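**Q** Structure in structure tokens, see below.
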Amino acid sequence: MEQTFTYIPQNVCSRKLVIHYDGDVILGIDVVGGCHGNLQGISALAKGMKVDEVVSRLKGIECRGSRTQRTSCPDQIALALEAMKASKGHGEI
């Protein structure tokens, strides 16, 4: 059954992430703001993948355009997925 999780990213161009998922599989990611083409590409690649796989691939990516230069929109997606897991209890969804 499809569910959604909304996350407000910090220190990057994107302003909102809406993650659509079923269990531990990502069905889609809608991003408001940010580099539209790049984020559409990342969302398309993440579609159908397990949450932990996406986190392992995106976490820690940095962008010179971010306010701190220590995060990025992909890193924020990873953080959103981790927050989503944590909100479901004990890190399991």
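**Q** Where residues in the range 34-88 are small (G, A, S) and not in a helix (DSSP H, G or I), which of them is nearest to the chain's Cα centre (by Cα)?
**A** Pass one, the range 34-88, residues small (G, A, S): 34, 37, 41, 43-44, 46, 48, 56, 60, 65-66, 72, 78, 80, 83, 86-87.
From what is left, the residues that are not in a helix (DSSP H, G or I) are 34, 48, 60, 65-66, 72.
Working: G34: 13, G48: 14, G60: 12, G65: 18, S66: 16, S72: 10 Å.
Top of the filtered list is S72.
**Q** Do the conditions hold for G89, that is, is it surrounded by fewer than 15 Cβ atoms within 10 Å (Cβ to Cβ), closer than 17 Å to T6 by Cα and at pLDDT below 95?
**A** Working: surrounded by fewer than 15 Cβ atoms within 10 Å (Cβ to Cβ): yes; closer than 17 Å to T6 by Cα: yes; at pLDDT below 95: yes.
Considered against the rule, which asks whether it is surrounded by fewer than 15 Cβ atoms within 10 Å (Cβ to Cβ), closer than 17 Å to T6 by Cα and at pLDDT below 95, G89 comes out as yes.
**Q** Return the total of residues in the range 50-81 being touching a Pro at 6+ places or on another chain (Cβ under 7 Å), buried (at least 19 other Cβ atoms within 10 Å of the Cβ) and without any contact (Cβ under 8 Å) to a residue 60 or more places away in the chain.
**A** Adding up the residues that qualify gives 1.
**Q** Residues that are part of a strand (DSSP E or B), surrounded by fewer than 18 Cβ atoms within 10 Å (Cβ to Cβ) and over 14 Å from the mean Cα position of the chain (by Cα): does the range 12-30 have at least one? If you could, list the steps in order and put the result at the bottom.
**A** Step one: filter the range 12-30 for residues part of a strand (DSSP E or B), giving 14-22, 25-30.
Cutting the leftovers down to surrounded by fewer than 18 Cβ atoms within 10 Å (Cβ to Cβ) gives us 15-16, 18, 20, 22, 25, 27-28, 30.
Imposing the further condition that a residue be over 14 Å from the mean Cα position of the chain (by Cα) reduces the set to 22.
Yes, the range 12-30 contains at least one residue that is part of a strand (DSSP E or B), surrounded by fewer than 18 Cβ atoms within 10 Å (Cβ to Cβ) and over 14 Å from the mean Cα position of the chain (by Cα).
The values are calculated or read from the model by the stated rules, or taken from the named source; none is laboratory data. Just so it is clear, the structure is predicted and the values come from calculations on it, not from any experiment. Quick reminder, even Gly has a Cβ in these numbers, built from the backbone with ideal geometry, and neighbours come from all protein chains shown.
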